Amino acid sequence: MSKHVAASASVLIDRPVDDVFAFFADAENSPRWRSGVISIRRVGEDLGVGTVYEQSVAGPGGRPIRADIRLTAYEAGRRVAFETIAGPVRPRGEYLFEPVEGGTRVVFDLAADLDGVKALLMAGPVQKTMDAEVAALAKAKDQLEHP
């Protein structure tokens, strides 16, 4: 048995695309808008395809769960994508950036494929977490527009 779970949201941020891209491209900004992030640290100096972040997120009962990520796409001002490389669930995500009148439109997509027992027992909680992650774009908007 397998189950595909996904979530998507978009937001218009009243800031130039370069500022918005820089904020999202550096995942060390995540705790500013993603409440489930306990800690995150970039491994190495470079920021681009292949960059790894060691990340700990709140699991059941607030217990820390390792959820390291690696950037799989980095197109300045346009797109950042990542894959989770540690943890019980390994979602993929993508941010798309589009300059529009009034600022920058950001689209955030998350997806994961669950198999076996994970599909049976974790699909609901994983979907709920993904929905909350993409909904947090509103908090990122606030952080960028009112620093």
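Any chance you could list the semi-axes, whole Å, largest first, of the equivalent ellipsoid that the Cα gyration tensor gives for the chain, using √(5λ)?
Numbers: eigenvalues 129, 56, 43 Å².
The answer is 25, 17, 15 Å, longest axis first.
Determine which aspartates and glutamates satisfy two conditions relative to LYS3: a Cα distance under 14 Å, and not lying fewer than 8 residues away in the same chain.
The qualifying aspartates and glutamates are ASP113, ASP115.
Straight-line reach from LYS141: which lysines fall under 22 Å, measuring Cα to Cα and dropping same-chain residues less than 8 apart?
LYS128
Roughly how many debye, to the nearest 20, is the charge dipole of the chain about its Cα centre, given +1 on each Lys and Arg Cβ, -1 on each Asp and Glu Cβ, and no other charges? Provide the component values of the computation, followed by the final result.
Working: 18 positive and 21 negative charges, 126 e Å.
Using only the charged Cβ atoms, the result is roughly 600 debye.
Using only Cα atoms and rounding to the nearest 10 degrees, what angle (0 to 90) does helix 116-135 make with the longest principal axis of the chain?
20 degrees
Report the extension gain between ALA135 and ARG105 in nm, rounded to one decimal, defined as 0.36 nm multiplied by the number of residues separating them, less their alpha carbon distance. Could the numbers behind the result be given before it?
Details: separation 30, 0.36 × 30 = 10.80 nm, distance 1.45 nm.
My answer for the length gained is 9.4 nm.
Every number in this text was worked out from the coordinates using simple rules, so none of it is lab data. None of these values were measured; they are calculated from a predicted model. Cβ coordinates were reconstructed from backbone atoms using ideal geometry, including for glycine residues, and neighbour counts include every protein chain displayed.
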